[in-house]
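Novice: Questions regarding the structure given below will be posed in turn.
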Amino acid sequence: MHPLLILQAGVATGTVLLFATLGEIFAERAGVLNLGVEGMMLMGAMSAFSIAARTGNPWLGILIGMLVAGLLSQLHAVLVIHLQSDQVVSGLALTFVGTGLSLVLGEGLSKAGGVAQLPVFSIPLLSSIPILGPIFFDTQSVLVYLGYLLIPLTWYLIYHTRAGLHLRAAGEYPAAADALGVNIYGLRYFYVFVGGLLAGLAGATISLAVSPGWFSELTTGGQGWIAVALVIFAQWNPLRAAFGAYAFGTLRRFVLDIQGPTTLFGLSNPFHFHTNLSFFLQMLPYAFTVLILVLSSRESVRKRLGAPAALGLPYVRGARGL
Amino acid sequence: MITKTDRVSRRQALLAWSFEPRDHTSAWLQAATSAGAVVVALVIGALILAVAGGDPLAAYAQIARSSFGDLGVFSDTMVKAIPLMLVGLACALAFRMRLWNIGAEGQFFLGAWGASAVVLTPLLPATTSGWIVIPAMMLAGMLAGGLWGFIPGVLKAYFNVNEIISTLMLNYIAIAWNDFFIFGVWSEGGFQMSRVFSRHAWLPRLTDASGLVPAWAGLTTHLGLLFALVAAVIVWLILQRSRWGYEIRLLGDNPRAAEYAGVPIRRYTVLVLMFSGALAGLAGMSEISGVVHRLQGEISPGYGFTGIIVAWLAKLNPFAIILVSILFGALILAGREIQPGGIPRLIQGIVLVCLIASDFLLRYRLRIRRPVSPSA
């Protein structure tokens, strides 16, 4: 229960939210709202765990988990890009399908027992930095380090490359981008797929690294929805998303850890599992999500920052409007 | 050299079909596409079952037998359909204004909690007649559910908070809130449930009147059915026959026009979400008072989420919601016997996917052209 240990575990837990949030940023930047993150994460978590348990190879598990979630995302892509369905309803449908399918295919998987673990290591030098070292660079999973790499990469890609320019244009003003020769339809399919891959990676991170195993719907416990909220908090910016993801991961971890010990500071722990106060503690991450939405929504109104202008709108070539 | 126009015209000549926007869709076509979508979904579900090594025909026959086989099981189907009707109406009302209330599940739990509070706190003495207890429970359930809709309503109207996320987060909070009471405050003998309510707090069931109508013996359909039918009429009257409904529909279809016309958008946002929450809360009350008769954790197999699909399948029509709820009630009832347990959820998801895909056919018509010969 050392504070540094909670922060260290919080970074690992936050990595799940980081992957899912970055994925959703890609999709939404391209103009596609995908509310199916929770369903895609469950499919990713279930497939990754199932493959890893069967083959003993967690890397193969991650790969398949990502691909399965990516494939699932294409269902949403077809519905909203070509069939011009309502993106909210289609995203909900995706969550239903993903949840149902993962429960059906994951039947009996919770008894599968342990799987081969992913490598966990410390970064030499960096881990000896006071405070930050133990939190970020000491005995973390390889996926956590992958997360660190992905943050600047995503940021650079979105703001400083030609591909990123096209991505932003597709979400802000697709007709103009189309006129310049950007293939809006192809681009949207691609970034919805990227979002699916990352949601799958987020799920695999849970089932293979953060809390290994398959616990049906409780595996994700609403983290896919928190990721959707974090995108709004992040104002579609990967750097803010990283901050939000790690902060939330720490909060989740804190809520879990403080329920463990029977005594706190020599007194009996009022938050111990299934004591009355622990239920209020469990509400915290969800209440906090609403709170940051209140704060960030006000901020985005004040600064006139906002969602990509074409977010949620189907693009029909030649039709009037965005 | 092939110019772009050449390519386009050649493609049109080769394929000779295209989709064109419709300017009018008949009610008949809407009903037909919905029915078609359900059939396609059942076929896809059968394929998945077959691939997973099951016998789809046997599974569907089993669903039909165990939900419509005789009066007894049909009554059980109705019991499952009642909460779906109320939750479906709750969703339809909010969706009509394009307010995405995904929090019906939490509002259902809060409604159940509010109704239980009347009995367990107890707000009324245990000997109070049912004529007073049940209306009090209805009121408390609707208030509690309404509060759970009021919060995201205010957040949306005055703080610009996305209601999809806030209603969803409130679901988790509602379940933890309920757990707090069933694990601690109202726990009976350390079990995760309250004591059984006294008979005054039970909604009358058909079987209770078997003294008058012997054929009703054993039928568990309860008074909640009447609540749902009345609620359907009220929602229909509000949406189709009142100025409120006109303004709600206007806000849903064209918010900018509504704003220019001076429709108070904030007030409607709060009121519609609150009323929607109250309906879902009533569903929780009727389930707790009509079926479970105590507060416990397992009171909903996802009624709040299935209600979303019900509302969408019924095209937000209150009377269609009643019929669609019976179908989905059958699915939930039969689902308890089907293994693996995720199948009903999966079928519900596939139905929704097919449904929104089929909407494309409502907005566009397939136009097949006779290939034009180059000389013409």
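The values are calculated or read from the model by the stated rules, or taken from the named source; none is laboratory data. Computed from a predicted structure; not experimentally measured. Glycine gets a Cβ as well: all are built from the backbone with ideal geometry, and neighbour counts include every protein chain shown. Note: accessible area is taken over every heavy atom of the protein model, side chains too, but ligands, DNA and RNA are not part of it. Shrake-Rupley method; radii C 1.70, N 1.55, O 1.52, S 1.80 Å.
Novice: Considering only residues that are assigned to a helix (DSSP H, G or I) and surrounded by fewer than 17 Cβ atoms within 10 Å (Cβ to Cβ), which ones fall in segment A:110-132?
Specialist: Listed by number, the residues that qualify are A:110, A:111, A:125, A:126, A:128, A:132.
Novice: Another question about this same structure. Where residues in segment A:287-305 are facing chain B (nearest Cβ under 7 Å) and open to solvent by 40 Å² or more (accessible area, probe 1.4 Å), which of them is modelled with the highest pLDDT?
Specialist: Ranking the qualifying residues of segment A:287-305, first place goes to A:287.
Novice: For residues in segment B:185-225 being within 27 Å of residue B:67 (Cα to Cα) and hydroxyl-bearing (Ser, Thr, Tyr), which is modelled with the highest pLDDT?
Specialist: B:221
Novice: May I pose another question? For residues that are more than 17 Å from residue B:125 (Cβ to Cβ) and in a loop (DSSP other than H, G, I, E, B), tally how many sit in segment B:197-218.
Specialist: The qualifying residues number 8.
Novice: In addition: Residue pairs, Cβ under 8 Å, 6 or more apart or interchain, first in segment A:176-197 and more than 18 Å from residue A:83 (Cβ to Cβ), second in a loop (DSSP other than H, G, I, E, B) and open to solvent by 50 Å² or more (accessible area, probe 1.4 Å). List them.
Specialist: Matching pairs, first to second residue: A:178/A:317.
Novice: Ok, one more. Among B:132, B:165, which is of a type in the set (A, V, I, L, M) and touching a Ser or Thr at 6+ places or on another chain (Cβ under 8 Å)?
Specialist: Result: B:165 is the single residue among B:132, B:165 that is of a type in the set (A, V, I, L, M) and touching a Ser or Thr at 6+ places or on another chain (Cβ under 8 Å).
Novice: Within segment A:42-52, can one find any residue that is over 18 Å from residue A:223 (Cβ atoms), more than 19 Å from the chain's Cα centre (by Cα) and open to solvent by less than 40 Å² (accessible area, probe 1.4 Å)?
Specialist: Looking through segment A:42-52, at least one residue is over 18 Å from residue A:223 (Cβ atoms), more than 19 Å from the chain's Cα centre (by Cα) and open to solvent by less than 40 Å² (accessible area, probe 1.4 Å).
Novice: Just to be sure I understand the filter: pairs with C-beta atoms under 7 Å, separated by 6 or more residues or on different chains, first member in segment A:98-117 and within 8 Å of chain B (Cβ to nearest Cβ), second member of a type in the set (A, V, I, L, M, F, W, C) and open to solvent by 50 Å² or more (accessible area, probe 1.4 Å). Which pairs pass?
Specialist: So the pair list comes out as A:104/B:52.
Novice: Still on this structure: Between residues in segment B:155-173 that are more than 16 Å from residue A:95 (Cβ to Cβ) and residues that are open to solvent by 10 Å² or more (accessible area, probe 1.4 Å) and outside any helix (DSSP H, G or I), which pairs lie under 8 Å by C-beta distance while being six or more apart or on different chains?
Specialist: Going by the 8 Å Cβ cut-off, the qualifying pairs are B:156/B:162; B:163/B:100.
Novice: Of everything in segment A:53-80, what is in a helix (DSSP H, G or I), surrounded by fewer than 23 Cβ atoms within 10 Å (Cβ to Cβ) and either in contact with a Pro (Cβ under 7 Å, 6 or more places away or on another chain) or not hydrophobic (A, V, I, L, M, F, W, C) (or both)? Give them in sequence order.
Specialist: Hits for segment A:53-80 are A:54, A:55, A:74.
Novice: Being under 30 Å from residue A:167 (Cβ atoms), more than 14 Å from chain B (Cβ to nearest Cβ), touching a residue at least 24 places away in the same chain (Cβ under 8 Å) and surrounded by 14 or more Cβ atoms within 10 Å (Cβ to Cβ) is true for just one of A:234, A:209, A:229. Which residue is that?
Specialist: On inspection, the qualifying residue turns out to be A:209.
Novice: Please go through segment B:261-309 and pick out each residue that is of a type in the set (Asp, Glu) and touching a residue at least 24 places away in the same chain (Cβ under 8 Å).
Specialist: Within segment B:261-309, B:287 is the sole residue that qualifies.
Novice: Which one is surrounded by the most Cβ atoms within 10 Å (Cβ to Cβ), of the residues in segment B:196-218 that are more than 19 Å from residue B:294 (Cβ to Cβ) and touching a strand residue (DSSP E or B) at 6+ places or on another chain (Cβ under 9 Å)?
Specialist: Ranking the qualifying residues of segment B:196-218, first place goes to B:206.
Novice: Restricting attention to segment A:87-97, report how many residues are facing another protein chain (nearest Cβ under 7 Å) and either part of a loop (DSSP other than H, G, I, E, B) or within 15 Å of residue A:217 (Cα to Cα) (or both).
Specialist: 2
Novice: Filtering segment B:241-273 down to residues that are of a type in the set (A, V, I, L, M, F, W, C) and either touching a Leu at 6+ places or on another chain (Cβ under 8 Å) or not assigned by TED's automatic domain parsing to the domain that holds residue B:302 (or both), which residue is nearest to residue B:299 (Cα to Cα)?
Specialist: My answer is B:273.
Novice: Do we have residue B:160 as within 12 Å of chain A (Cβ to nearest Cβ) and open to solvent by 30 Å² or more (accessible area, probe 1.4 Å) here?
Specialist: So residue B:160 fits the description; yes.
Novice: For segment A:244-283, what are the residues that are within 13 Å of the chain's Cα centre (by Cα) and either open to solvent by 50 Å² or more (accessible area, probe 1.4 Å) or not aromatic (Phe, Trp, Tyr) (or both)?
Specialist: Passing the criteria: A:244, A:245, A:249.
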